[in-house]
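Working notes, beginning with the structure itself.
None of the figures in this text is laboratory data; all of them are computed from the coordinates on show. Since the structure is predicted, the reported quantities are computational estimates derived from the model, not experimental observations. A quick note on method: Cβ atoms are made from the backbone with ideal geometry, for glycine too, and the neighbour counts reach across all protein chains shown.
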């Protein structure tokens with residue numbers, strides 16, 4: 001399904017010719033997410049996240065922005081006696097947005113940047129640092145409103161849960177990395 005969305009976005013981008021977002025504009029938006037998973041016949045974990053963002057277009061193809069996120073989980077998964085995740089998590093994500101194949105219908109973009117996420121469950125702290133790219137698509141609903149979708153993550157992630165650490169490099173296009181949202185342009 002993600003391939004279908006990406007293919008449609010590329011086709012829409014190629015079919016358009018005129019840039020929709022102009023230098024000096026500010027966008028405000030973000031995304032909401034909900035996820036539910038059942039691990040090995042155990043308890044069901046349901047989580048949601050709210051990720052507002054604000055950005056500024058400073059050249060024809062470049063913008064800068066920041067996302068501030070909050071996530072909440074109803075249950076926490078236990079692996080090897082450690083609580084993975086957290087009831088409440090907070091994220092800060094400054095990014096640089098490169099837009100291309102821009103037109104009246106919308107554009108494709110890459111958000112490149114870093115993020116830091118902090119969560120705590122009981123006495124176990126979780127810290128996540130990331131640096132990488134998130135590909136996306138913006139579809140203009142009107143001159144001032146665009147629907148956005150971000151599909152995946154390409155980059156590096158350092159995870160520290162309690163005393164356990166991991167370093168991950170990779171290309172991740174699973175459904176948990178998909179975000180849909182709305183942006184309003186001023």
| remark: Exposure proxy check on 102, 49: fewest-to-most Cβ neighbours within 10 Å is 49, 102
| If you take the square roots of the eigenvalues of the alpha-carbon gyration tensor of the stretch 123-186 and sort them as a ≥ b ≥ c, do you get rounded (a/c under 1.5), prolate (a/b over b/c) or oblate? | prolate
| field | Label zone at residue 139, where the point sits 7 Å out along the Cα-to-Cβ direction: the stretch 25-65 residues whose backbone N lies under 19 Å | value | 29-34
| task | Could you please state, rounded to a whole Å, how far the C-alpha centre of the stretch 31-61 is from the C-alpha centre of the stretch 135-181? | result | 9
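Classify the stretch 94-158 from the C-alpha gyration tensor, please: rounded if a/c falls under 1.5, else prolate or oblate depending on whether a/b exceeds b/c. Kindly include the intermediate steps, with their values, before the conclusion.
Details: a/c = 3.83, a/b = 2.29, b/c = 1.67.
Prolate.
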| message | Starting from 0.36 nm per residue, how many nanometres of slack lie between residue 70 and residue 116 once their C-alpha separation is accounted for? | response | 15.4 nm
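Using only the alpha carbons of the stretch 44-186, what is the convex hull's orientation-averaged projected area in square nanometres? Intermediate values should be presented prior to the final figure.
Numbers: hull surface 36.4 nm².
Here the figure is 9.1 nm², rounded to one decimal.
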| Listed peptides 156-163, 38-45, 127-134 by packing density, highest first (mean Cβ within 10 Å) | 127-134, 156-163, 38-45
